[in-house]
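The structure appears right after this line, and notes come after that.
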Amino acid sequence: MVLTSGKLGVIGAGVMGSALIRGLVETGVIGRDKIWTAARTEASCKQIESQLGVTATTDYKRELPDTEVLLICVKPNSMGKVLEYLKANNLSEDTLIISIAAGKTIAFLEQSLGGKNPVIRAMPNTPCIVGEGMTVICPGTYASPRQVEEAFAIFNAVGKCIELEETHFDAVTGLGGSGPAYLYLIMEALADGGVRVGLPREVALKIVTQTVLGAATMVEKTGQHPAALRDDVTTPAGCTIGALLIMEDGKIRSVLARAVEEAAQIAGELGERK
Ligand SMILES: NC(=O)c1ccc[n+]([C@@H]2O[C@H](COP(=O)([O-])OP(=O)(O)OC[C@H]3O[C@@H](n4cnc5c(N)ncnc54)[C@H](OP(=O)(O)O)[C@@H]3O)[C@@H](O)[C@H]2O)c1
(Lines give C-alpha, C1' and ligand atoms only; values in the text may rest on other atoms or scores of the structure.)
Protein backbone atom coordinates (compact mmCIF):
# COMPACT_ATOMS: atom_id res chain seq x y z
CA MET A 1 0.00 0.00 0.00
CA VAL A 2 1.58 3.29 -1.11
CA LEU A 3 -0.73 5.96 0.27
CA THR A 4 -1.68 6.19 3.92
CA SER A 5 -4.45 8.79 3.90
CA GLY A 6 -4.39 11.15 0.93
CA LYS A 7 -4.33 10.91 -2.83
CA LEU A 8 -1.78 10.73 -5.61
CA GLY A 9 -1.76 13.74 -7.92
CA VAL A 10 -0.10 13.50 -11.34
CA ILE A 11 0.66 16.77 -13.11
CA GLY A 12 1.10 16.04 -16.81
CA ALA A 13 -0.29 12.75 -18.05
CA GLY A 14 1.78 12.54 -21.26
CA VAL A 15 3.99 9.58 -22.16
CA MET A 16 5.57 9.10 -18.73
CA GLY A 17 2.72 10.36 -16.54
CA SER A 18 0.18 8.03 -18.12
CA ALA A 19 2.65 5.10 -18.08
CA LEU A 20 3.09 5.53 -14.33
CA ILE A 21 -0.67 5.84 -13.73
CA ARG A 22 -1.35 2.70 -15.81
CA GLY A 23 1.31 0.73 -13.95
CA LEU A 24 0.07 1.78 -10.52
CA VAL A 25 -3.56 1.04 -11.32
CA GLU A 26 -2.94 -2.26 -13.12
CA THR A 27 -0.74 -3.63 -10.35
CA GLY A 28 -3.35 -2.57 -7.78
CA VAL A 29 -0.80 -0.41 -5.94
CA ILE A 30 -3.16 2.59 -6.02
CA GLY A 31 -6.88 2.57 -6.87
CA ARG A 32 -8.21 4.85 -9.66
CA ASP A 33 -10.35 6.69 -7.08
CA LYS A 34 -7.16 7.70 -5.23
CA ILE A 35 -5.57 9.37 -8.26
CA TRP A 36 -6.20 12.77 -9.82
CA THR A 37 -4.37 14.25 -12.77
CA ALA A 38 -3.80 17.74 -14.12
CA ALA A 39 -3.60 18.67 -17.80
CA ARG A 40 -3.28 21.95 -19.65
CA THR A 41 -6.50 21.90 -21.67
CA GLU A 42 -10.07 20.67 -21.23
CA ALA A 43 -9.64 18.51 -24.35
CA SER A 44 -6.63 16.75 -22.76
CA CYS A 45 -8.62 16.24 -19.53
CA LYS A 46 -11.42 14.48 -21.44
CA GLN A 47 -8.90 12.28 -23.23
CA ILE A 48 -7.11 11.35 -19.98
CA GLU A 49 -10.40 10.54 -18.25
CA SER A 50 -11.54 8.26 -21.06
CA GLN A 51 -8.16 6.56 -21.55
CA LEU A 52 -7.01 6.17 -17.95
CA GLY A 53 -10.26 6.28 -15.97
CA VAL A 54 -8.95 8.84 -13.47
CA THR A 55 -10.24 12.37 -12.86
CA ALA A 56 -8.45 15.15 -14.72
CA THR A 57 -8.60 18.89 -14.23
CA THR A 58 -6.89 22.04 -15.53
CA ASP A 59 -7.22 23.84 -12.19
CA TYR A 60 -6.05 21.55 -9.41
CA LYS A 61 -5.74 23.84 -6.39
CA ARG A 62 -8.78 22.24 -4.72
CA GLU A 63 -7.08 18.83 -4.96
CA LEU A 64 -3.87 19.94 -3.23
CA PRO A 65 -4.86 19.81 0.48
CA ASP A 66 -5.82 16.13 0.16
CA THR A 67 -2.75 15.14 -1.86
CA GLU A 68 -0.21 12.90 -0.15
CA VAL A 69 2.12 12.43 -3.14
CA LEU A 70 2.42 14.72 -6.14
CA LEU A 71 4.16 13.33 -9.23
CA ILE A 72 5.28 16.06 -11.59
CA CYS A 73 5.62 14.67 -15.11
CA VAL A 74 5.81 17.78 -17.30
CA LYS A 75 8.70 18.70 -19.63
CA PRO A 76 11.66 20.41 -17.89
CA ASN A 77 10.79 23.80 -19.43
CA SER A 78 7.26 23.65 -17.90
CA MET A 79 8.52 22.90 -14.40
CA GLY A 80 8.97 26.53 -13.32
CA LYS A 81 5.34 27.36 -14.11
CA VAL A 82 4.03 24.30 -12.25
CA LEU A 83 6.16 25.00 -9.16
CA GLU A 84 5.02 28.64 -9.13
CA TYR A 85 1.40 27.47 -9.25
CA LEU A 86 1.99 25.08 -6.35
CA LYS A 87 3.66 27.78 -4.26
CA ALA A 88 0.87 30.26 -4.98
CA ASN A 89 -1.84 27.76 -4.07
CA ASN A 90 -0.74 26.73 -0.60
CA LEU A 91 0.74 23.35 -1.27
CA SER A 92 0.85 21.54 2.06
CA GLU A 93 4.33 20.96 3.51
CA ASP A 94 3.28 17.35 4.14
CA THR A 95 2.90 16.63 0.43
CA LEU A 96 5.71 14.59 -1.10
CA ILE A 97 6.80 16.01 -4.47
CA ILE A 98 8.32 13.58 -6.95
CA SER A 99 9.80 15.15 -10.09
CA ILE A 100 10.85 13.11 -13.12
CA ALA A 101 12.06 16.11 -15.14
CA ALA A 102 15.47 15.67 -16.75
CA GLY A 103 18.06 18.15 -15.50
CA LYS A 104 15.93 19.75 -12.78
CA THR A 105 17.89 19.47 -9.55
CA ILE A 106 16.64 18.91 -6.02
CA ALA A 107 18.05 22.33 -5.05
CA PHE A 108 16.01 23.95 -7.85
CA LEU A 109 12.85 22.13 -6.76
CA GLU A 110 13.30 22.93 -3.07
CA GLN A 111 14.17 26.57 -3.71
CA SER A 112 11.26 27.05 -6.14
CA LEU A 113 8.81 25.68 -3.59
CA GLY A 114 10.35 27.95 -0.97
CA GLY A 115 9.35 25.87 2.04
CA LYS A 116 10.24 22.53 3.56
CA ASN A 117 8.43 20.23 1.19
CA PRO A 118 9.79 16.72 0.94
CA VAL A 119 11.12 16.30 -2.60
CA ILE A 120 12.34 13.23 -4.45
CA ARG A 121 14.01 13.42 -7.84
CA ALA A 122 13.41 10.42 -10.09
CA MET A 123 14.52 9.31 -13.53
CA PRO A 124 12.35 6.53 -14.98
CA ASN A 125 12.17 5.30 -18.60
CA THR A 126 9.37 4.43 -21.00
CA PRO A 127 9.33 0.63 -20.46
CA CYS A 128 7.37 1.58 -17.30
CA ILE A 129 4.45 1.30 -19.76
CA VAL A 130 4.90 -2.50 -19.80
CA GLY A 131 6.01 -2.86 -16.18
CA GLU A 132 9.71 -3.16 -17.13
CA GLY A 133 10.90 0.36 -16.39
CA MET A 134 14.19 1.30 -14.74
CA THR A 135 14.01 4.17 -12.30
CA VAL A 136 16.66 5.85 -10.20
CA ILE A 137 15.57 8.01 -7.27
CA CYS A 138 17.32 10.47 -4.99
CA PRO A 139 15.64 11.97 -1.89
CA GLY A 140 15.95 15.67 -1.12
CA THR A 141 16.63 17.40 2.21
CA TYR A 142 13.20 16.92 3.81
CA ALA A 143 12.07 13.49 2.49
CA SER A 144 11.54 11.01 5.33
CA PRO A 145 12.50 7.30 5.12
CA ARG A 146 8.77 6.50 4.90
CA GLN A 147 8.45 8.82 1.88
CA VAL A 148 11.47 7.23 0.21
CA GLU A 149 9.68 3.88 0.70
CA GLU A 150 6.58 5.39 -0.95
CA ALA A 151 8.67 6.42 -3.96
CA PHE A 152 10.19 2.93 -4.17
CA ALA A 153 6.70 1.39 -4.06
CA ILE A 154 5.52 3.66 -6.88
CA PHE A 155 8.43 2.91 -9.21
CA ASN A 156 8.78 -0.76 -8.28
CA ALA A 157 5.16 -1.15 -9.42
CA VAL A 158 6.28 -0.32 -12.97
CA GLY A 159 9.70 -2.01 -13.06
CA LYS A 160 12.87 -1.80 -11.01
CA CYS A 161 14.02 1.07 -8.83
CA ILE A 162 17.32 1.95 -7.16
CA GLU A 163 18.55 4.93 -5.14
CA LEU A 164 21.67 6.89 -6.16
CA GLU A 165 23.33 10.19 -5.29
CA GLU A 166 22.09 13.13 -7.31
CA THR A 167 25.52 13.71 -8.88
CA HIS A 168 24.81 10.66 -11.06
CA PHE A 169 21.50 11.92 -12.46
CA ASP A 170 22.73 13.29 -15.78
CA ALA A 171 24.57 10.00 -16.33
CA VAL A 172 21.44 8.03 -15.40
CA THR A 173 19.37 10.15 -17.78
CA GLY A 174 21.82 9.57 -20.65
CA LEU A 175 21.99 5.83 -19.99
CA GLY A 176 18.61 4.70 -18.63
CA GLY A 177 16.21 7.53 -19.52
CA SER A 178 17.32 7.64 -23.16
CA GLY A 179 18.52 4.02 -23.28
CA PRO A 180 15.37 2.48 -24.78
CA ALA A 181 15.84 4.67 -27.88
CA TYR A 182 19.37 3.34 -28.43
CA LEU A 183 18.17 -0.24 -28.17
CA TYR A 184 15.28 0.37 -30.59
CA LEU A 185 17.78 1.74 -33.10
CA ILE A 186 20.07 -1.26 -32.64
CA MET A 187 17.12 -3.65 -32.95
CA GLU A 188 15.99 -1.94 -36.14
CA ALA A 189 19.50 -2.17 -37.62
CA LEU A 190 19.81 -5.87 -36.73
CA ALA A 191 16.41 -6.56 -38.29
CA ASP A 192 17.62 -4.74 -41.43
CA GLY A 193 20.53 -7.19 -41.45
CA GLY A 194 18.07 -10.07 -41.32
CA VAL A 195 16.12 -8.57 -44.23
CA ARG A 196 19.39 -8.09 -46.17
CA VAL A 197 20.08 -11.82 -45.93
CA GLY A 198 16.58 -12.75 -47.02
CA LEU A 199 14.28 -12.89 -43.99
CA PRO A 200 10.81 -11.32 -44.11
CA ARG A 201 10.78 -8.11 -41.99
CA GLU A 202 8.34 -9.45 -39.36
CA VAL A 203 10.33 -12.67 -38.92
CA ALA A 204 13.59 -10.70 -38.59
CA LEU A 205 12.04 -8.42 -35.97
CA LYS A 206 10.63 -11.36 -34.01
CA ILE A 207 14.03 -13.05 -33.95
CA VAL A 208 15.73 -9.80 -32.88
CA THR A 209 13.15 -9.07 -30.15
CA GLN A 210 13.41 -12.49 -28.54
CA THR A 211 17.20 -12.47 -28.88
CA VAL A 212 17.46 -9.11 -27.10
CA LEU A 213 15.05 -10.29 -24.38
CA GLY A 214 16.98 -13.55 -24.03
CA ALA A 215 20.38 -11.84 -23.89
CA ALA A 216 19.17 -9.31 -21.28
CA THR A 217 17.71 -12.13 -19.20
CA MET A 218 21.00 -14.06 -19.44
CA VAL A 219 22.94 -11.06 -18.12
CA GLU A 220 20.41 -10.58 -15.32
CA LYS A 221 19.94 -14.22 -14.27
CA THR A 222 23.47 -15.60 -14.65
CA GLY A 223 25.17 -12.54 -13.15
CA GLN A 224 28.00 -13.10 -15.65
CA HIS A 225 29.83 -10.28 -17.37
CA PRO A 226 28.47 -9.68 -20.91
CA ALA A 227 31.98 -10.30 -22.28
CA ALA A 228 32.00 -13.84 -20.79
CA LEU A 229 28.55 -14.55 -22.25
CA ARG A 230 29.72 -13.20 -25.61
CA ASP A 231 32.69 -15.57 -25.55
CA ASP A 232 30.28 -18.51 -25.15
CA VAL A 233 28.64 -17.58 -28.48
CA THR A 234 31.93 -17.00 -30.27
CA THR A 235 33.17 -20.27 -31.81
CA PRO A 236 36.78 -20.19 -33.08
CA ALA A 237 36.86 -19.46 -36.81
CA GLY A 238 33.05 -19.18 -36.70
CA CYS A 239 30.57 -16.66 -38.02
CA THR A 240 30.07 -14.71 -34.76
CA ILE A 241 33.71 -13.59 -34.51
CA GLY A 242 33.50 -12.42 -38.11
CA ALA A 243 30.46 -10.28 -37.30
CA LEU A 244 31.97 -8.96 -34.06
CA LEU A 245 35.12 -7.80 -35.88
CA ILE A 246 32.99 -5.93 -38.42
CA MET A 247 31.25 -4.20 -35.48
CA GLU A 248 34.59 -3.33 -33.90
CA ASP A 249 35.81 -1.93 -37.26
CA GLY A 250 32.78 0.39 -37.09
CA LYS A 251 33.82 1.39 -33.53
CA ILE A 252 30.52 0.18 -32.14
CA ARG A 253 31.79 0.22 -28.55
CA SER A 254 33.06 3.79 -28.53
CA VAL A 255 30.11 5.00 -30.62
CA LEU A 256 27.65 3.67 -28.03
CA ALA A 257 29.67 4.87 -25.04
CA ARG A 258 30.16 8.33 -26.57
CA ALA A 259 26.45 8.53 -27.35
CA VAL A 260 25.69 8.04 -23.65
CA GLU A 261 28.26 10.70 -22.81
CA GLU A 262 26.62 13.16 -25.23
CA ALA A 263 23.12 12.46 -23.88
CA ALA A 264 24.32 12.92 -20.29
CA GLN A 265 25.83 16.28 -21.17
CA ILE A 266 22.61 17.44 -22.87
CA ALA A 267 20.60 16.20 -19.86
CA GLY A 268 22.59 18.59 -17.66
CA GLU A 269 21.89 21.47 -20.02
CA LEU A 270 18.14 20.74 -20.08
CA GLY A 271 17.88 21.86 -16.47
CA GLU A 272 19.30 25.27 -17.36
CA ARG A 273 16.82 25.96 -20.17
CA LYS A 274 13.83 28.11 -19.18
N1 LIG B 1 9.83 10.28 -22.37
C2 LIG B 1 10.83 9.70 -21.75
O3 LIG B 1 11.42 8.73 -22.20
C4 LIG B 1 11.24 10.21 -20.38
C5 LIG B 1 12.06 9.40 -19.59
C6 LIG B 1 12.41 9.86 -18.32
C7 LIG B 1 11.98 11.09 -17.86
N8 LIG B 1 11.23 11.86 -18.69
C9 LIG B 1 10.81 13.17 -18.17
O10 LIG B 1 9.42 13.09 -18.03
C11 LIG B 1 8.85 14.38 -18.23
C12 LIG B 1 7.67 14.24 -19.17
O13 LIG B 1 8.12 13.68 -20.39
P14 LIG B 1 7.09 13.03 -21.41
O15 LIG B 1 7.91 12.38 -22.45
O16 LIG B 1 6.04 12.27 -20.66
O17 LIG B 1 6.45 14.39 -22.01
P18 LIG B 1 5.00 14.60 -22.64
O19 LIG B 1 4.51 13.34 -23.27
O20 LIG B 1 5.09 15.84 -23.47
O21 LIG B 1 4.09 14.88 -21.37
C22 LIG B 1 4.09 16.09 -20.67
C23 LIG B 1 2.64 16.38 -20.34
O24 LIG B 1 2.57 17.47 -19.43
C25 LIG B 1 1.47 18.31 -19.79
N26 LIG B 1 1.67 19.63 -19.23
C27 LIG B 1 2.52 20.61 -19.61
N28 LIG B 1 2.40 21.69 -18.81
C29 LIG B 1 1.43 21.39 -17.91
C30 LIG B 1 0.85 22.08 -16.82
N31 LIG B 1 1.23 23.34 -16.53
N32 LIG B 1 -0.12 21.48 -16.11
C33 LIG B 1 -0.52 20.24 -16.40
N34 LIG B 1 -0.01 19.50 -17.43
C35 LIG B 1 0.96 20.08 -18.17
C36 LIG B 1 1.54 18.29 -21.31
O37 LIG B 1 0.34 18.72 -21.86
P38 LIG B 1 0.39 19.47 -23.31
O39 LIG B 1 0.78 18.41 -24.28
O40 LIG B 1 -1.00 19.96 -23.47
O41 LIG B 1 1.40 20.57 -23.21
C42 LIG B 1 1.83 16.79 -21.58
O43 LIG B 1 0.64 16.03 -21.58
C44 LIG B 1 9.96 15.28 -18.77
O45 LIG B 1 10.36 16.18 -17.76
C46 LIG B 1 11.09 14.33 -19.11
O47 LIG B 1 12.36 14.90 -18.84
C48 LIG B 1 10.81 11.44 -19.91
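The values are calculated or read from the model by the stated rules, or taken from the named source; none is laboratory data. Just so we're clear, the structure is a prediction, and the values are computed from it rather than from any experiment. Using ideal geometry, Cβ is built from the backbone for each residue, glycine included, and neighbour counts are taken over all protein chains shown. Side chains included, ligands, DNA and RNA excluded: accessible areas come from the protein's heavy atoms. Shrake-Rupley method; radii C 1.70, N 1.55, O 1.52, S 1.80 Å.
Can you confirm whether A216 is within 16 Å of the ligand (Cβ to nearest atom) and either in contact (Cβ under 8 Å) with a residue 40 or more places away in the chain or closer than 30 Å to K75 by Cβ (or both)?
The answer is no for A216.
Could you grab the pairs with beta carbons closer than 7 Å, sequence gap of 6+ or different chains, first residue in the stretch 67-95 and farther than 20 Å from G14 by Cβ, second one assigned to a loop (DSSP other than H, G, I, E, B) and at pLDDT 95 or above?
Qualifying pairs under 7 Å: E68/T95.
Could you figure out which of (1) in the same structural domain as L71 (by TED's automatic domain parsing); (2) in a loop (DSSP other than H, G, I, E, B) isn't true of A237?
In the conditions (1) in the same structural domain as L71 (by TED's automatic domain parsing); (2) in a loop (DSSP other than H, G, I, E, B), A237 misses (1) alone.
Of the conditions (1) surrounded by 14 or more Cβ atoms within 10 Å (Cβ to Cβ); (2) closer than 15 Å to R121 by Cα, P145 clears all except one; give me its number.
Answer for P145: the failing condition is (1).
Mind checking which strands (runs of 3 or more DSSP E) fall wholly inside the stretch 11-126 and carry at least 2 residues that are on the phi > 0 side of the Ramachandran plot, within 15 Å of the ligand (Cβ to nearest atom) and at pLDDT 95 or above?
none
Can we say F169 is part of a helix (DSSP H, G or I), touching a Pro at 6+ places or on another chain (Cβ under 7 Å) and either within 16 Å of the ligand (Cβ to nearest atom) or under 20 Å from T95 (Cβ atoms) (or both)?
The answer is no for F169.
Looking for whichever is open to solvent by 60 Å² or more (accessible area, probe 1.4 Å) and among the aromatic types (F, W, Y) here; the options are F108, F155. Which one fits?
After applying the criteria, what remains is F108.
Looking at R32, is it touching a Gly at 6+ places or on another chain (Cβ under 6 Å), within 29 Å of G176 (Cβ to Cβ) and open to solvent by 80 Å² or more (accessible area, probe 1.4 Å)?
yes
Residue-by-condition table, conditions (1) more than 18 Å from the chain's Cα centre (by Cα); (2) over 19 Å from I120 (Cα atoms):
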{"site": "K7", "(1), (2)": "yes, no"}
{"site": "G17", "(1), (2)": "no, no"}
{"site": "R32", "(1), (2)": "yes, yes"}
{"site": "C45", "(1), (2)": "yes, yes"}
{"site": "S50", "(1), (2)": "yes, yes"}
{"site": "T55", "(1), (2)": "yes, yes"}
{"site": "E68", "(1), (2)": "yes, no"}
{"site": "I72", "(1), (2)": "no, no"}
{"site": "G80", "(1), (2)": "yes, no"}
